[in-house]
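Every number in this text was worked out from the coordinates using simple rules, so none of it is lab data. Computed from a predicted structure; not experimentally measured. So basically every Cβ, Gly included, is an ideal-geometry build from the backbone, and we count neighbours across all protein chains shown.
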Amino acid sequence: MTPRSGGDVIADEILALPVTAEPDTFLDYFSGLFGEPTDSAVVEIDGERMPIGWFFRAPREIAGQESCEVEVVPMVEDPAEPGELISFYVAQARAKADFITTMQSHDVPTKIANMHQRAADEEPDVEVIPQD
């Protein structure tokens, strides 16, 4: 949690997601806790901006009187560095890139299925993209 006026992080906490939360329902889950996001959290990797999470207004019962925002970044253990945490979306992008590279090196036609964010009670929205 960080003051909106800028400054240092005033709370840093790791929360476990419920086992029913799927990657395409993360936003729905966090919106249920904090309301609608105010912005996307992004990082720059190899010159490209990658969304890794969201910013939300911190509830008064958490922030007190100060106007704060909560940055939510789903994390997983880094497969390349056991014991270290990495953004779920960065880990997913690395795995996707490795998969595509491996398939292309063997001339295997490949399709990637992207699942868009949805509410937990909605059917998944899957987009299949052929990889050249």
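Labels on offer are [x] 2, 9, 14, 19, 19, 16, 10, 5, 3, 2, 1, 0; [y] 2, 10, 18, 21, 17, 11, 6, 5, 4, 3, 2, 1, 0; [z] 2, 11, 19, 19, 14, 9, 7, 5, 5, 4, 3, 2, 1, 0, 0, and the one holding P(r) over Cα pairs in 5 Å bins from 0, in percent computed from this structure is [x].
What order do you get for Val108, Val19 when you list them from fewest to most C-beta neighbours inside 10 Å? Could you put the intermediate results ahead of the total?
On the way: Val108 10, Val19 6.
The most exposed by this proxy come first: Val19, Val108.
What is the calculated FRET efficiency for Ile45 to Ala113, with r their C-beta to C-beta distance and R₀ = 22 Å, to the nearest 0.05?
Working: r = 22 Å, r/R0 = 0.99.
Calculated value: 0.50.
Amide H contacts of Ile52: Ala41, Val42, Val43, each under 5 Å away and 5 or more positions distant or on a separate chain (H built 1.01 Å from N in the peptide plane; Pro and chain starts excluded). Each Lys and Arg Cβ is given +1 and each Asp and Glu Cβ -1; about its Cα centre, the chain then shows a dipole of about 120 debye. Sequence-distant or interchain residues sharing an amide H contact under 5 Å with Thr110, placed H: which? Excluding prolines and chain starts, which carry no amide H, the hits are Gln131. Take every pair of alpha-carbon atoms less than 8 Å apart whose residues are at least six positions apart; their mean separation over the length of the chain yields a relative contact order of 22 percent. Between the beta carbons of Met103 and Leu17, assuming R0 = 41 Å, the FRET efficiency works out to 0.85 to the nearest 0.05.
Can you give the angle from 0 to 90° between the axis of helix 88-105 and the longest principal axis of the chain, with both taken from C-alpha atoms, to the nearest 10? Once rounded, the angle reads 10 degrees.
What the Cα convex hull of the range 52-109 gives, in volume per residue, is 93 Å³.
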